[in-house]
Amino acid sequence: MRIGKNELKIMELLDEADGLERGSLKNKFTLLGNRVTRFSEALKTLTEKELIAKYAQIEVEKRGWSFDSWTKDEDGNFAVLAKKLYDGKMAKGPKTRIYLELTEKGRKELRKREDRLSN
């Protein structure tokens, strides 16, 4: 699989940090002397090749939420239900963190390249 130097650098950053929010990843990428315009292009390429994915980490315990069960949304996709006793407020939900991380396919590709360089 053909991967450019910008894509490889993003993969290495994600592997080192074990997942990063998009803004943090962008800052680290540009601090290494890379152009911001190359960042979006590299992310697009990595996504098309299924080497990175977006993950959601939901923190439920801090605000009294707990996981309840699995359900399906109106589109038929699986979703997690979280519950909390009603306290008169509807706006406060569980804290969610969205971040990027290498997929299993991405990790294998990165290891393959590292092995090739070490031999």
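The values are calculated or read from the model by the stated rules, or taken from the named source; none is laboratory data. Computed from a predicted structure; not experimentally measured. Glycine also receives a Cβ, built like all others from the backbone with ideal geometry; neighbour counts cover every protein chain displayed.
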*Here are GLY23, GLY33: which of them is at pLDDT 85 or above and assigned to a loop (DSSP other than H, G, I, E, B)?*
GLY33
*From (1) surrounded by 15 or more Cβ atoms within 10 Å (Cβ to Cβ); (2) more than 14 Å from MET11 (Cα to Cα); (3) not β-branched (Val, Ile, Thr), pick out the condition that doesn't hold for GLU61.*
(1)
*asked:* Looking only at the stretch 1-27, count every residue that is under 15 Å from the mean Cα position of the chain (by Cα), of a type in the set (Lys, Arg) and buried (at least 17 other Cβ atoms within 10 Å of the Cβ) and tell me the total.
replied: 1
*asked:* Just to check your reading of the model, which residue among TYR86, TYR55 is farther than 30 Å from GLU109 by Cα and out of contact with any Pro (no Cβ under 9 Å at 6 or more places or on another chain)?
replied: TYR86
*For the stretch 1-20, enumerate the residues that are assigned to a helix (DSSP H, G or I) and either closer than 17 Å to LYS105 by Cβ or aromatic (Phe, Trp, Tyr) (or both).*
GLU7, LEU8, ILE10, MET11, GLU12, LEU14, ASP15
_For the structure I just gave you, tell me whether ALA82 is more than 19 Å from the chain's Cα centre (by Cα), among the aliphatic types (A, V, I, L, M) and surrounded by 11 or more Cβ atoms within 10 Å (Cβ to Cβ)._
yes
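For (1) hydroxyl-bearing (Ser, Thr, Tyr); (2) free of Cβ contacts under 8 Å to residues at least 60 places away in the same chain; (3) surrounded by 11 or more Cβ atoms within 10 Å (Cβ to Cβ), each residue gets a yes or a no:
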| position | (1), (2), (3) |
| --- | --- |
| MET90 | no, yes, no |
| PRO94 | no, yes, yes |
| GLU101 | no, no, yes |
| ARG111 | no, yes, yes |
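Does the stretch 55-68 include one or more residues that are among the polar types (S, T, N, Q), over 30 Å from ILE3 (Cβ atoms), out of contact with any His (no Cβ under 9 Å at 6 or more places or on another chain) and in contact (Cβ under 8 Å) with a residue 12 or more places away in the chain?
Scanning the stretch 55-68 turns up at least one residue that is among the polar types (S, T, N, Q), over 30 Å from ILE3 (Cβ atoms), out of contact with any His (no Cβ under 9 Å at 6 or more places or on another chain) and in contact (Cβ under 8 Å) with a residue 12 or more places away in the chain.
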*asked:* Within the stretch 77-97, does at least one residue satisfy the condition of being of a type in the set (Phe, Trp, Tyr), touching a strand residue (DSSP E or B) at 6+ places or on another chain (Cβ under 7 Å) and at pLDDT below 85?
replied: yes
